[in-house]
1. Pop the C-beta distance of K200 and H125 into the FRET formula with R0 = 30 Å and round what comes out to the nearest 0.05.
2. How about K127: which lysines have a C-alpha closer than 27 Å to its C-alpha, ignoring those fewer than 8 places off in the same chain?
3. From the backbone phi of region 22-34, what are the Karplus-calculated ³J(HN,Hα) couplings (6.51 cos²θ - 1.76 cosθ + 1.60, θ = phi - 60°) in whole Hz, Gly and Pro given as x?
4. On average, how much area does the Cα convex hull of the chain cover when viewed from any direction, in nm²?
Amino acid sequence: MRLRNKPWAREKISAHPQYIIPNPEEAKGHWHEIFGNNNPVHIEVGTGKGQFVTGMAKQNPDINYIGIEMYESVIVTALDRLIEAGLPNLKLLNVDGAELLNYFEKGEVGRVYLNFSDPWPKSRHAKRRLTYKTFLSLYESLMPEGGEVHFKTDNQGLFEFSLKSFSEYGMLLTFVSLDLHNSSFEGNVMTEYEEKFSAKGQRIYRSEARFQPRP
Ligand code: SAM
């Protein structure tokens, strides 16, 4: 993601506390009150400009979504989409996904979406990949038993690494596609990166992996 300096982004974010949660530590344990219902909460870590979470929130009004993006200059575009769509079941968090424990209680998150996560191709950077075991452990600690991680990427190397990581962590793979757009999967909501890469003819990989009960 190319970052453009947007000095006005912080001010715009502060002006919309109903969409981008200010003081997100205070939201921990209170997400159902914030959404005003008891519907499941699904999060996307690395939401970018928000096309996927906005599309999912429109498609599934009975699920609450939270798009998590660490860069102000990027999340501000997701904010624009949300202002335009005015969706009651979507919120945004401008935080680092590595610190999710500060913002969610155990069991508050029903599902984690990872879409076109940064591949960090050098093996010395493997720990930064959002499907590395420490991140899986973090996601597991936010979800009730049987929580799922749904993952899409165009990057074959990252996909191979991630399938191995899910498997070594003891997760059950319940869906794997090596060519999502030529599969029978229904209801796919495209992300910005997915549109860009598939337009260039690149295949899209997708998996669903479920955490298993601990003995
Ligand atoms: N998901 C979007 C899509 O598919 O179009 C954006 C993909 S982009 C390659 C990855 C995004 O993840 C970037 O916007 C980046 O800033 C964000 N990101 C990476 N690591 C993150 C982290 N630890 N916490 C929050 N956001 C992160």
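1. Details: r = 25 Å, r/R0 = 0.82.
Taking R0 as 30 Å, the efficiency between K200 and H125 is 0.75.
2. Within the straight-line cut-off, K127 pairs with K28, K49, K106, K152, K164, K196.
3. The phi angles translate into x, 6, x, 4, 6, 7, 3, x, 10, 5, 5, 5, 4 Hz.
4. Values: hull surface 48.3 nm².
Dividing the Cα hull surface by four gives the mean projection, 12.1 nm².
Coordinate-derived values only; no laboratory data. Keep in mind that this is a model prediction, so the values were computed, not measured. Heads up, the Cβs are rebuilt from the backbone with ideal geometry, glycines too, and the neighbour counts pull from every protein chain shown.
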